[in-house]
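**Student:** Quick one: the structure is below, and I'll ask about it shortly.
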Amino acid sequence: MLRTLGPMATAFSAKGLGKRYGNVTALGGVDVSVEEGELVGLLGPNGAGKSTLVKIGCGLVRASSGQAEVCGAPAGSREARSAMGYLAELFRFPGWYSADEVLELHQRLAASGGGESERTELLELVGLVEARTRRVEDMSKGMQQRLGIAQALVGTPRMLFLDEPTSALDPAGRRTVRGLLEELRRRGVAVLLNSHLLSEVELVCDRVIILNRGVVVTAGRTEDLARPRGVEIDVDGSVRKYAGAGREDVPRIVGELVAAGESVYGVRVLTSTLEEIYLEAVEGESS
């Protein structure tokens, strides 16, 4: 069953991680870490090396150089596999299995002793408890996606690798997943979230790591990476923008406007969005 986890080593770390496929360099010496209870968004264009990094962490691909660890154990080892959960981008469950049978199968594969109570809790977490007897082939893509997240949580993993977990979900389904991720953070579970949905990453992740051409081009908290974009002030039915101003300039600007007889109805301090941060990092690296 899911539970609050105690202190642990860094959930996932990669140091000098490299991977070559023949003459193609997928990763060129990557340093990455995900700490306990941290949600980290992994971003980058197609071919940037994101899936390769995740697959090395899961033990599905062997690195050409460097090292990766899950909860202090070498990636791919028995100890590492028992501490992690994984949802692949393109996954398939037997169409004739029910949701409950899918989770029971993965309990056996993960040697989980959670039994029916664990399956019920997981189905409740992803909003499928009423569909536990429904066959996979009769589920919508969104329901199958949520079932995939539930199977990744079998056995109470300390580290989750999620590859595009909200790609097939409608807005309500994405909100369900966001709530689940926030609950996992509260319980101390670490998550590396590979996604192209920048708005989702911006809403839920503590940090972002942006890869391009196999290297990390930007990493950090969104608010730390954001650049000031000026200040907008609503004054008497119009909006005035002060392009060179920042948060520290707001009291002075508002004071000057009020002293001049203006009525101030709202103030917005503008900073770059995650999309702008992403495009600057990727396009700047490519130029």
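**Student:** Do the conditions hold for Ala48, that is, is it small (Gly, Ala, Ser), in a loop (DSSP other than H, G, I, E, B) and touching a residue at least 60 places away in the same chain (Cβ under 8 Å)?
**Tutor:** yes
**Student:** I'd like to verify a number: residues in region 244-261 that are assigned to a loop (DSSP other than H, G, I, E, B) and surrounded by 10 or more Cβ atoms within 10 Å (Cβ to Cβ), how many?
**Tutor:** So the answer is 2.
**Student:** Whether any residue in region 124-141 is within 26 Å of the chain's Cα centre (by Cα), part of a helix (DSSP H, G or I), among the hydroxyl-bearing types (Ser, Thr, Tyr) and surrounded by fewer than 17 Cβ atoms within 10 Å (Cβ to Cβ) is what I want to check.
**Tutor:** Checked region 124-141: no residue is within 26 Å of the chain's Cα centre (by Cα), part of a helix (DSSP H, G or I), among the hydroxyl-bearing types (Ser, Thr, Tyr) and surrounded by fewer than 17 Cβ atoms within 10 Å (Cβ to Cβ).
**Student:** Among the residues in region 262-275, are any free of Cβ contacts under 8 Å to residues at least 24 places away in the same chain, outside the structural domain of Ser195 (by TED's automatic domain parsing), out of contact with any Gly (no Cβ under 9 Å at 6 or more places or on another chain) and not in a strand (DSSP E or B)?
**Tutor:** So far as region 262-275 goes, no, none of its residues is free of Cβ contacts under 8 Å to residues at least 24 places away in the same chain, outside the structural domain of Ser195 (by TED's automatic domain parsing), out of contact with any Gly (no Cβ under 9 Å at 6 or more places or on another chain) and not in a strand (DSSP E or B).
**Student:** Taking Ser238 and the conditions (1) among the hydroxyl-bearing types (Ser, Thr, Tyr); (2) more than 28 Å from Gly49 (Cα to Cα); (3) in contact (Cβ under 8 Å) with a residue 12 or more places away in the chain, which numbered condition does it fall short on, given that it satisfies the others?
**Tutor:** All conditions are met except number (3).
**Student:** While we're on this one: Please verify whether region 65-81 includes one or more residues that are within 20 Å of Val217 (Cα to Cα), surrounded by 20 or more Cβ atoms within 10 Å (Cβ to Cβ) and assigned by TED's automatic domain parsing to the domain that holds Glu137. Step through it out loud before you land on a result.
**Tutor:** Kept after step one, since they are within 20 Å of Val217 (Cα to Cα), are these residues of region 65-81: 65-68.
With surrounded by 20 or more Cβ atoms within 10 Å (Cβ to Cβ) added as a condition, the list becomes 68.
The next check asks that each one be assigned by TED's automatic domain parsing to the domain that holds Glu137; those that pass are 68.
Checked region 65-81: at least one residue is within 20 Å of Val217 (Cα to Cα), surrounded by 20 or more Cβ atoms within 10 Å (Cβ to Cβ) and assigned by TED's automatic domain parsing to the domain that holds Glu137.
**Student:** If we keep just the residues of region 228-243 that are surrounded by 14 or more Cβ atoms within 10 Å (Cβ to Cβ) and more than 13 Å from Leu257 (Cβ to Cβ), which is modelled with the lowest pLDDT?
**Tutor:** Taking the candidates together, the pick is Pro228.
**Student:** Further, regarding this structure: Would you pick out the residues in region 20-34 that are farther than 14 Å from Ala75 by Cα and not aliphatic (A, V, I, L, M)?
**Tutor:** Result: Arg20, Tyr21, Gly22, Asn23, Thr25, Gly28, Gly29, Asp31.
**Student:** State which residue is farthest from the chain's Cα centre (by Cα) when the search covers only region 159-175 and only residues that are surrounded by fewer than 18 Cβ atoms within 10 Å (Cβ to Cβ) and closer than 18 Å to Leu90 by Cβ.
**Tutor:** Among residues in region 159-175 that are surrounded by fewer than 18 Cβ atoms within 10 Å (Cβ to Cβ) and closer than 18 Å to Leu90 by Cβ, the one farthest from the chain's Cα centre (by Cα) is Ala168.
**Student:** Restricting to region 221-233, and then to whatever is hydrophobic (A, V, I, L, M, F, W, C) and outside any loop (DSSP other than H, G, I, E, B), can you tell me which residue is farthest from Phe12 (Cα to Cα)?
**Tutor:** Checking each candidate, the answer is Ile233.
**Student:** Being among the hydroxyl-bearing types (Ser, Thr, Tyr) and touching a helix residue (DSSP H, G or I) at 6+ places or on another chain (Cβ under 9 Å) is the filter; apply it to region 247-283 and report the residue that is farthest from Ile209 (Cα to Cα).
**Tutor:** The residue in question is Ser263.
**Student:** Can you name every residue in region 191-220 that is modelled with pLDDT of 90 or more, assigned to a loop (DSSP other than H, G, I, E, B) and either farther than 30 Å from Thr176 by Cα or of a type outside the set (Asp, Glu) (or both)?
**Tutor:** Within region 191-220, Cys205, Arg213, Gly214 qualify.
**Student:** Has region 107-118 got any residue that is surrounded by fewer than 16 Cβ atoms within 10 Å (Cβ to Cβ), more than 28 Å from Ile56 (Cβ to Cβ), assigned by TED's automatic domain parsing to the domain that holds Arg146 and of a type in the set (Ser, Thr, Tyr)?
**Tutor:** Of the residues in region 107-118, the ones surrounded by fewer than 16 Cβ atoms within 10 Å (Cβ to Cβ) are 108-109, 111, 113, 115-117.
Among the residues that remain, those that are also more than 28 Å from Ile56 (Cβ to Cβ) are: 113, 115-117.
With assigned by TED's automatic domain parsing to the domain that holds Arg146 added as a condition, the list becomes 113, 115-117.
Narrowing further to those that are of a type in the set (Ser, Thr, Tyr): 117.
Yes, there is a match, as at least one residue in region 107-118 is surrounded by fewer than 16 Cβ atoms within 10 Å (Cβ to Cβ), more than 28 Å from Ile56 (Cβ to Cβ), assigned by TED's automatic domain parsing to the domain that holds Arg146 and of a type in the set (Ser, Thr, Tyr).
Per-residue answers, yes or no, for (1) under 23 Å from Lys50 (Cβ atoms); (2) touching a residue at least 40 places away in the same chain (Cβ under 8 Å):
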site: Lys141; (1), (2): yes, no
site: Arg146; (1), (2): yes, no
site: Ile149; (1), (2): yes, yes
site: Ala152; (1), (2): yes, yes
site: Pro157; (1), (2): yes, yes
site: Phe161; (1), (2): yes, yes
site: Thr166; (1), (2): yes, no
site: Ala172; (1), (2): no, no
site: Leu180; (1), (2): yes, yes
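**Student:** Does Ser199 satisfy the condition of being touching a strand residue (DSSP E or B) at 6+ places or on another chain (Cβ under 7 Å), within 30 Å of Ala26 (Cβ to Cβ) and of a type in the set (Ser, Thr, Tyr)?
**Tutor:** Taking the combined requirement at face value, the residue does not satisfy it.
**Student:** Look at region 234-243 and say how many of its residues are out of contact with any helix residue (DSSP H, G or I) (no Cβ under 9 Å at 6 or more places or on another chain), outside any loop (DSSP other than H, G, I, E, B) and of a type in the set (D, E, K, R).
**Tutor:** The total comes to 2.
The values are calculated or read from the model by the stated rules, or taken from the named source; none is laboratory data. Values in this document were obtained by computation on a predicted structure and should not be read as measured data. Using ideal geometry, Cβ is built from the backbone for each residue, glycine included, and neighbour counts are taken over all protein chains shown.
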